[in-house]
Every structure is written in structure tokens, then in C-alpha cells.
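Taking it in order: structure first as C-alpha cells, then the write-up.
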Amino acid sequence: MISVLIALLSCNMAAAVVVDRELSPKLTSFESSCFYEAEPAGESGGAKGRSYRGLVSSTVSGRTCQKWTSDHPWKDAAALSATADKDGNDGTMAWGNGLGNHNYCRNPDSSMATPWCYTMDPQSAHKKEACEIKACPKTKRDFKKEAKTLTTKIDATDCKCAAQLYGSTATTANTAVKFLQQEALTGRTSDGRPCACKAALVEQDPCAGCTTGLAQAYQTCAMKHGNPCAETNAAGIVGSGPGQKKDIGCCMKKEKHDRCLKCSSMDCAHNTCNVNKKYYKTYAMSEKFDDKKAMKKAGWGK
């Protein structure tokens, strides 16, 4: 009878472990992070994952970690004192032990090769377990080297190679950006041959988008906010000092509107620019207004 009870207890405890594993929060790679086996340059006291500050809170067996400030079921956790991390003025870092009012995996005493924790399992065999956390790469990524390697996989042989290598050169309607092609930006084809980008200059037309729709949108903003670019303080009062713009979206429309007004007055002889000369003049009166005729029509003088 006793052996049956022991067997049942063992099964229940094993099931509890499985349940714990299933209930463990699903963390992203960012939240779980990784731990450094050795200290990176400029750091001290962080080897063997002592510098780990991720959010993993369960062990390799799926057991839930005990809070470091709690004394149940293990008093050893609360007996450990927290030490703070210290940032040096010279960019160095002296790591503390990362303890606090949480149950995240840590390695406060460097007693294991990886971050660990005291578990909520009252059995002494599972009092302290390592956590399932990946080790960080021993060397940091060399982005310049990766970019150079990437250039050998570009098949473009015209100006599009610039966009493929460095992202689109297109800009917003409010900006005018010149993209000067340099030797450092030259790509390579998949067989290793140089791929010179033919377009030496890419420029966004600053006078594009001067439409009736923009004029109407600006008028709506002006009626609602006055000058939407005026900066307000914490009390919402417009002042002379720096603050928060009344409405950022409307401010952008106002800036575009102001630019379009300048564009409409530009001298564009010989097709030197492409502007909307009628911007903000769509509703100008086509004939002279006759006050006397209008008054007579309205019944005045009868």
C-alpha cells in the first residue's frame, strides 16, 4: 500500500513539472536574451552569466523559479544580498548580481557556469537548477564585413544597385536630398565584378504634391489650430520657449503649404521646374464684383 502511494506521489510531482513547463511564459529572443560565458572588453564581474538580465523564470526541467526575496520554499534565496551594477564614466561596467524582487534566472555567486535559480520544488534534489538560456556569441557582429560580403550577391548593373545595397533613396515630399554616388557605394555582381551605379544624382522635387487636396487640408488645420506649428508648454499655453507643437501632422501640412506658395511664385522659364502655378488660387473670382448691381438685385432702395 505504501509503495502504491509513493508511486502516485511521484507521478503527481512529475505531472506538476510538466504543467509548470507548459505554463512558463513564452518569451521572445529579446526577452530571454543570452548570457556571456566570458567578460567582454570593458566589463568586470559578469562572466558565467552573472551579467545576465533577461526575463527567463524557469529552469531546464520546466520548474518555476523562486523569488530571490522570498524564503519559501528555500531560505537560501532571501539570504543573498543584492548588489548594484556600476557604470563607469569611462564606459566600463562593473556588474552586480542582478538580484531583486523577481524570480528571473541569475548567477549571483558564479556558482554555476550558466544563470540558475532556486526552484519552487520543495524536494532537495531540485532545490537549485540551471536555466535554459543560450550563450551569447563570443565575438560581436562585424556589420562592415557583412555589408562587404553582401555586395558580392548583388546582380544589379545600373543605378538600382544603390537602393539594393543601402535602401531606397526616395524621400518625403517635404525634403530635397542629393545622393552623390561615391566609390565606396559601388556594388559587385554575384561573380565578383564591380557594379557601378550609373545614377550620380537622385533628387526629390520639393514642389511636388501642391494640390487642391493639400490646400483644403491646410485650411482645415488652420481653422482648428491657428498656427499648428506653435509650441505649447506643459499647461498647453503657447510660449516663446521650446515645447510641444500644437499638432505635428497639421504642422507638416503647413510647412508643405508654405513651400507650395513659394513654388507657385517661382520663375520657371524654359521648363526649368515643375510647379503648380494655380496653387491656392483655384477659387479666385473670374469677374469684377459690382456692388451696386448686387444691392439692386437684393432689393435695396425699393
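The values are calculated or read from the model by the stated rules, or taken from the named source; none is laboratory data. Predicted model, so just to flag it, every value in this text is computed and none were measured. Backbone-built Cβ (ideal geometry, glycine too); neighbour counts: all protein chains shown.
Structure above, values below:
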quantity	calculated
Condition check for Glu31: assigned by TED's automatic domain parsing to the domain that holds Gly98, surrounded by fewer than 15 Cβ atoms within 10 Å (Cβ to Cβ), under 21 Å from Ala135 (Cβ atoms) and at pLDDT below 95	yes
Number of the exception - Ala125 against (1) out of contact with any Phe, Trp or Tyr (no Cβ under 8 Å at 6 or more places or on another chain); (2) among the small types (Gly, Ala, Ser); (3) assigned to a loop (DSSP other than H, G, I, E, B)	(3)
Residue match in segment 249-272 (condition: at positive phi, modelled with pLDDT of 65 or more and assigned to a loop (DSSP other than H, G, I, E, B))	no
Subset of segment 33-54 (residues that are among the aromatic types (Phe, Trp, Tyr) and touching a Pro at 6+ places or on another chain (Cβ under 7 Å))	Phe35, Tyr52
Residue list for segment 69-85, filter: assigned to a loop (DSSP other than H, G, I, E, B) and either among the β-branched types (Val, Ile, Thr) or over 12 Å from Asp109 (Cβ atoms) (or both)	Thr69, Ser70, Asp71, His72, Pro73, Trp74, Ala82, Thr83, Ala84, Asp85
Thr114 being assigned to a loop (DSSP other than H, G, I, E, B) and either farther than 28 Å from Ser44 by Cβ or modelled with pLDDT under 95 (or both)	no
